[in-house]
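Enquirer: What follows is a single structure, and I will ask about it in a moment.
What follows draws every value from the coordinates through simple rules; no lab data is involved. All figures in this text were calculated on a predicted structure; none of them were measured in a lab. Positions of Cβ are generated from backbone atoms using ideal geometry, with glycine treated the same way; all protein chains shown enter the neighbour counts.
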Amino acid sequence: MTHSLQKPNTPAVLNPVPAGLSLRGEIRMGFRCNARCGFCYYQDLLDNPEEKEPTTERIYQQLRVLRQNGANEVEFTGGEPTIKADLAKVVGYAKDLGFGNVSLITNGLRLAKRSYLEKLVDAGVSDILFSVHGHTAELHDLHTAIPGSFEKIMLAMSHAQAIGVRTRTSTTVTSQNYLHLDEMLAFFINQGADCINLAVFSPVAQAGSGSTQFEISYSTAANALKQAISRHRSALPPLSVKYIPFCFMTGFEEYVMNLYQQSYDPDDWNYYFSNKVRRTSGPITAMLFDLLSLSGALLSRSFANARQDGLLGLKVAGFTRLVELLRKKRLPVCKDCSYDLICDHVWRNYARQHDAADIKPIPGTKHTHPGAHYLVASTRTTGTPLRSGKKYNLQTVGGQQRAGSSGVVPVVELFDSSGQS
């Protein structure tokens, strides 16, 4: 059997698409993991007993809920999804339900074995987000605490690309790697990453019981991010910078993805979908969750805009707004910022731990649509079949000339509208 995925014969030229809601959902396979990243969300659960992890039947039920709510793509996360014994079976079930694209987020340790990767691709995996935290073994392995993990994830990426699977990278920006962001972006571009995600680490939000060894301030991370992006801007594939307020990324706002942008990122999860499947267990709890989300929409500071995306848009905006109110803090200066309505601001404890004087409003007309400025939101529509990507010219985003663009922006290859290969 050949495992090489064929390219479309005549791919359509990709034009910017309206920034619509993502229809990708997420299924958390559990918390168990075979790495020990110091910045992990789930430090206390990495050795969770198997009997406390989701059963396969529970995962099937969550997949059905996602489809019933309109999701047409799914991403399996963890912990580490590849250590689940029947992952291939679960992927096949997702394809049988009609999910157009099935994605994994992985540390790549198990996928270094090509036969296992081929098994998952045969089952239906078409997109993999690899967690890579350095451009050298020394730097990456420092973050994962697993000697040899860099060699394995690089081997896994090369296997995926040889087979024809779309490969993306996700990097947590920390105090240990931020000085190497320039080299890391060059490395990811050279490796042929189809998309690059950079997530700024904050122990306030992410490492519930981890050390602060990897902690970095917004301002320190932003300076390094802007320098690295500026240097490689004309050669970058779609890139997002996650979990940092817009005011720290002045001049680079088109890359910023926070909670409000997440649901407009075609490669990320619709925030409402993912939380609904995690937090409900039947029709009654599902109904209560929807009522709660819709009540949150009444508190939205851009209610009219949320209505443009229909009932689903109201639920997404409402749930996201409730999370912002519970977990984030809007400082007084934020009211004067042009991004105030589409920013989720700072974690509640951040201002107490760092100098809030760096938070300065960006002047201008108020932005009201979370995805209108966001570059990645216009690169594709969820549900479109994916393959590892040829690069096309993309000179505008949402009808506007991309700020600072050379006129050439690499984007992922898509099938033509017929989906034929």
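Enquirer: Looking at 263, 280, 239, which one has the Cα that reaches farthest to the positive end of the dipole of the stretch 215-346 (charges on Cβ: Lys, Arg +1; Asp, Glu -1)?
Expert: 280
Enquirer: Using θ = phi - 60° and the Karplus form 6.51 cos²θ - 1.76 cosθ + 1.60, what ³J(HN,Hα) does each residue of the stretch 303-310 get, whole Hz, x for Gly and Pro?
Expert: 4, 4, 5, 4, 5, 4, 9, x
Enquirer: Starting from the amide H of residue 346, placed 1.01 Å from N in the peptide plane, find each other amide H under 5 Å away whose residue is 5 or more places distant or on another chain.
Expert: 329, 331
Enquirer: Quick check: the distance between the Cα centres of the stretch 366-382 and the stretch 307-324, to the nearest angstrom?
Expert: 15
Enquirer: State the extension gain, in nm to one decimal, for the chain segment bounded by residue 360 and residue 223, taking 0.36 nm per residue of separation less the distance between their alpha-carbons. Don't skip to the end; give the middle numbers.
Expert: Details: separation 137, 0.36 × 137 = 49.32 nm, distance 1.48 nm.
Length gained, residue 360 through residue 223: 47.8 nm.
Enquirer: Find the centroid of the Cα atoms in the stretch 24-98 and in the stretch 229-291, then give the distance between the two in whole Å.
Expert: Their Cα centres are 19 Å away from one another.
Enquirer: Now, a different point. Sticking to Cα atoms, compute the Rg of the stretch 70-119 to one decimal and its Dmax as the biggest Cα-Cα distance, whole number, in Å.
Expert: For the stretch 70-119, the Cα radius of gyration and maximum Cα-Cα distance read 11.1, 34 Å.
Enquirer: In vacuo Debye scattering of the stretch 72-224, one point per C-alpha: log10 I(q)/I(0) at q = 0.09, 0.13, 0.18 Å⁻¹?
Expert: For the stretch 72-224, the Cα-only Debye profile gives -0.30, -0.61, -1.08.
Enquirer: Let me check I've understood the local charge: for residue 37, count other residues with C-beta under 12 angstrom from its C-beta, Lys and Arg +1, Asp and Glu -1. What total comes out?
Expert: -1
Enquirer: Then there is this: Near residue 287, within a Cβ-to-Cβ distance under 14 Å, what is the net charge of the other residues, with Lys and Arg +1 and Asp and Glu -1? Working shown, then result.
Expert: Values: positive: 276, 279, 315; negative: 290.
Combined, the nearby Lys, Arg, Asp and Glu give +2.
Enquirer: Let me ask something else. Out of 68, 81, 99, whose Cα points farthest toward the positive end of the dipole of the stretch 56-122 (charges: +1 Lys, Arg; -1 Asp, Glu; placed on Cβ)?
Expert: The listed residue farthest towards the positive side: 81.
Enquirer: What are the principal axis extents of the Cα atoms in the stretch 95-142, in Å, biggest first?
Expert: 41, 20, 11
Enquirer: Continuing with the same structure: Using modelled amide H (1.01 Å from N, peptide plane; none on Pro or chain starts), what sits under 5 Å from the amide H of residue 129, excluding residues fewer than 5 places away?
Expert: Correct list: 104, 105, 106, 168.
Enquirer: Across every pair of different alpha-carbon atoms, what Kirkwood hydrodynamic radius in Å does the stretch 297-356 reach?
Expert: 12.4
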